[in-house]
1. Would you mind telling me which numbered condition in (1) buried (at least 18 other Cβ atoms within 10 Å of the Cβ); (2) touching a helix residue (DSSP H, G or I) at 6+ places or on another chain (Cβ under 8 Å) residue 105 fails?
2. For segment 80-93, which positions are in contact with a helix residue (DSSP H, G or I) (Cβ under 7 Å, 6 or more places away or on another chain) and either under 12 Å from residue 48 (Cα atoms) or without any contact (Cβ under 8 Å) to a residue 12 or more places away in the chain (or both)?
3. Go through (1) at negative phi; (2) at pLDDT 95 or above one by one and return the number of the condition residue 122 breaks.
4. Where residues in segment 37-63 are closer than 13 Å to residue 91 by Cα and part of a loop (DSSP other than H, G, I, E, B), which of them is farthest from the chain's Cα centre (by Cα)?
5. If you go through segment 38-91 one residue at a time, how many are surrounded by fewer than 15 Cβ atoms within 10 Å (Cβ to Cβ) and under 22 Å from residue 111 (Cβ atoms)?
6. Condition check: buried (at least 19 other Cβ atoms within 10 Å of the Cβ) and not in a strand (DSSP E or B). Does residue 16 satisfy that?
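The values are calculated or read from the model by the stated rules, or taken from the named source; none is laboratory data. Computed from a predicted structure; not experimentally measured. Neighbour counts are summed over all protein chains in view; Cβ atoms, including those assigned to glycine, are modelled from backbone coordinates with ideal geometry.
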């Protein structure tokens with residue numbers, strides 16, 4: 001019991017706790033995206049709106065079924081609001097690697113959408129999981145591409 005009362009040991013314990021807290025601090029803001037299987041469940045069970053933020057060429061090379069392409073430039077939350085009228089509809093944001101979608105997630109939530117998710121790993125992860133991909137489509141912003 002004297003271990004906890006000695007002042008040098010207390011200092012070491014304090015340093016240990018502070019360093020542990022500093023290691024965990026970046027994790028609190030980390031976005032946890034949905035896996036391909038979780039995204040499929042969200043789409044099938046809850047009729048999530050799939051928003052693809054890649055350019056038209058990448059979209060034409062392959063996209064999720066029922067995905068709608070929205071150009072990532074400009075006011076993305078306003079463009080999504082034009083496509084998804086009900087703010088309670090779940091939204092799945094998709095980009096190539098999941099990085100852009102993770103950055104945009106908070107701004108879309110800030111626009112009043114209740115549930116905004118990100119496809120972890122983006123289209124790369126979707127294709128690696130051998131999930132269905134639809135090719136073609138003109139990639140016009142706002143249009144449903146099947």
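1. The failed condition is (2).
2. Start the filter on segment 80-93 by keeping residues that are in contact with a helix residue (DSSP H, G or I) (Cβ under 7 Å, 6 or more places away or on another chain), which leaves 80, 90-93.
Result: 90, 91, 92, 93.
3. (1)
4. Residue satisfying both the conditions and the ranking: 47.
5. Result for segment 38-91: 12.
6. On the way: buried (at least 19 other Cβ atoms within 10 Å of the Cβ): no; not in a strand (DSSP E or B): yes.
Judged against the criteria, residue 16 is not a match.
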